[in-house]
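Heads up, the thing below is written out as structure tokens.
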Amino acid sequence: MKSIVIILMSCLVAVTVSAQGIIRRPAATKPKPTATKPKPTVRKPQSRGSSAVRPKPAHPKKEDPINSLAEPLRSHLKKLMADMVLVEGGTYMMGNPDRDRNDEYAKDVPHEVTLSSFYICKYEVTEALWTAVMGSNPSRDKLGDNYPVERVNWYDCQDFVEKLSELTGRHFRLPTEAEWEYAARGGKRSRGYRYSGSYALDEIGWHVGNAHYYKREVGTKKPNELGLYDMTGNVSEWCQDKLDIEYYHHSPSINPQGPDRSTYKDNRCFRGGSFCDDEKYDELKVYTRNTGMPPEEKYGHLGLRLAMSVN
């Protein structure tokens, strides 16, 4: 009996231990991936001989002041800029080729001149352009927009180029006498004509024989070698220089700017001849000098053509 009790107690203890020994294990979970830091990019130092160049920061494009102007002035000035012709600098023989270089009394003796590049307008300044810039038309004969302005004195021209320079941000001016003649001859493209662009005056110029004392529309005759119109005839054109009849005998050979004094009063040069001039005289030839005109005087046959500095 005692042995039976011991066996039963042993079984009870075993069952108890077995019940207590049941342990629930947690469900297996996948391990979280370990975050890996990206490897830093290491730039190799450039060798001094490398051709790679860092780009320079782009500079903003400067706005053209003409674009801010109101119409019709803006259109007139845009056309003017399109009509400016680059005259490549060079060396030429200025003066009358038929004159003796040693003629001490001649005002147009031939002499060598070297010029830097400059711009000059294809056309004489028109009534329309002058009116758009200055607000009024001073011409004696107001014939229309495309006719050359006239009856402007040298001082009027200075006011005009100054205002034009302010409006456009460029340096407009009258051509020097040396620049005017070089351009009239055709610059580096010159074929040696006595008139600007031809030996035949009627092909390229308005003079008394075909204009009958009236100015004509600009650009209606043939241009010269540089594409310039009316350098011979139509209206005469003011130049920047004072007029000294002895200047050619001692003028600088490089970019002459004219004398410091005038032979007659304070006369200024003008060139090209006009619709009042006759073919049988020399006024219409590219090399002809006259005695100039006082800067305050105005005439119905005298206008201007614009030049502009390259820089």
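Observations on the model:
- Vicinal HN-Hα couplings computed from phi for segment 153-168 (Karplus, 6.51 cos²θ - 1.76 cosθ + 1.60; Hz; Gly/Pro x): 8, 5, 5, 4, 5, 5, 5, 5, 5, 5, 5, 4, 5, 5, 5, 9
- For segment 182-285, the list of chymotrypsin sites (Phe, Trp or Tyr not before Pro) that fall in a loop by DSSP and count at most 16 other C-beta atoms within 10 angstrom reads Y199, Y213, Y214, Y264, Y281.
- Residue-wise HN-Hα couplings along segment 187-198, as the Karplus relation 6.51 cos²θ - 1.76 cosθ + 1.60 with θ = phi - 60° gives them from phi, are x, 5, 9, 4, 10, x, 5, 7, 9, 7, x, 5 Hz; Gly and Pro carry x.
- Table column - 3J(HN,Hα) (Hz), segment 262-274, Karplus curve with 6.51, -1.76, 1.60, x for Gly and Pro: 10, 5, 10, 6, 10, 4, 10, 6, 9, 9, x, x, 8
- Two-site label geometry, K79 and Y199: point separation in nm, points 7 Å out along Cα→Cβ: 3.7
- Restricting the trypsin sites (Lys or Arg not before Pro) of segment 215-282 to loop positions (DSSP other than H, G, I, E, B) with no more than 16 neighbouring Cβ atoms within 10 Å leaves R261, K265, K280.
- Amide H contacts of N267 (H built 1.01 Å from N, under 5 Å, at least 5 apart or other chain): L243
- Amide hydrogen proximity for V85: with H placed 1.01 Å from N in the peptide plane, the residues at 5 or more positions away or on another chain lying under 5 Å are I120, C121, K122.
- Mean-position separation - Cα centroids, segment 263-311 and segment 134-172, in angstrom: 16
- A cut-off of 5 Å between modelled amide H atoms, ignoring neighbours fewer than 5 places along the same chain, links L226 with no other residue.
- Average Cα contact separation per residue, segment 68-308, under 8 Å, 6 or more apart, as relative contact order %: 25
- With both labels modelled 7 Å from their Cα along Cα-to-Cβ, the S309 to K265 distance reads 3.0 nm.
- Taking Cα centre as origin and charging only the Cβ of basic (Lys, Arg, +1) and acidic (Asp, Glu, -1) residues, the dipole magnitude of segment 237-311 rounds to 160 debye.
Just so you know, all these numbers are worked out from the coordinates, no wet-lab data involved. Only a predicted model underlies this, so the values are computations on that prediction, with no experimental measurement involved. Cβ coordinates were reconstructed from backbone atoms using ideal geometry, including for glycine residues, and neighbour counts include every protein chain displayed.
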